[in-house]
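Report on the following structure.
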Amino acid sequence: MKINYHNRRFRPVQNTENGETSAETIFHYKQEGNILTSEYAGGQIAKGSLIALVSENGELDMRYQQINTNGELMTGVCHSTPEVLPDGRIRLHEKWRWTSGDKSEGKSIIEEFQ
């Protein structure tokens, strides 16, 4: 099943301690062809944006940048694997790594909401 992320909204439901996103962080995805972009904010994130390539199976290879509420500019890379839930919503299982700061790694799960 080919996934189109255009105009879908997501929020984190799980994150490792070294992550900055939380349930208050809202992602609004836009997709044109295999290029995905998103603006996001909320919780500890004052403003963020990401860009990703969407593979044939819906996986996302992304780069992100954000300014947190402490005024720090943070950057990272993320690989997201989709799961289609029984109600048709998308859950993304994410493995990410900071490319700034302590360069640590983490995992998160974000889910589509209406």
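The numbers here are math on the coordinates, done by the rules we state, and not lab data. Predicted model only: the values in this text are computed from it and were never measured. Neighbour counts are summed over all protein chains in view; Cβ atoms, including those assigned to glycine, are modelled from backbone coordinates with ideal geometry.
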Hits among lysines - C-alpha to C-alpha of K47 under 18 Å, sequence gap 8 or more where chains match:
K30
Backbone HN-Hα couplings from phi across segment 57-67 [Karplus 6.51/-1.76/1.60, Hz, Gly and Pro as x]
9, x, 6, 10, 10, 10, 10, 9, 9, 8, 10
Please sort by residue number the trypsin sites (Lys or Arg not before Pro) in segment 17-114 whose DSSP state is loop and whose Cβ has at most 16 other Cβ atoms within 10 Å.
R89, K103
When the charge dipole of the chain is computed with +1 at the Cβ of Lys and Arg and -1 at the Cβ of Asp and Glu, the Cα pointing farthest to the positive end, of G33, A23, A52, is that of G33
Along principal axes, Cα extents of the chain, largest first, whole Å
39, 23, 21
Magnitude of the Cβ-charge dipole (Lys and Arg +1, Asp and Glu -1) of segment 1-100 about the Cα centre, nearest 20 debye, reported as 180
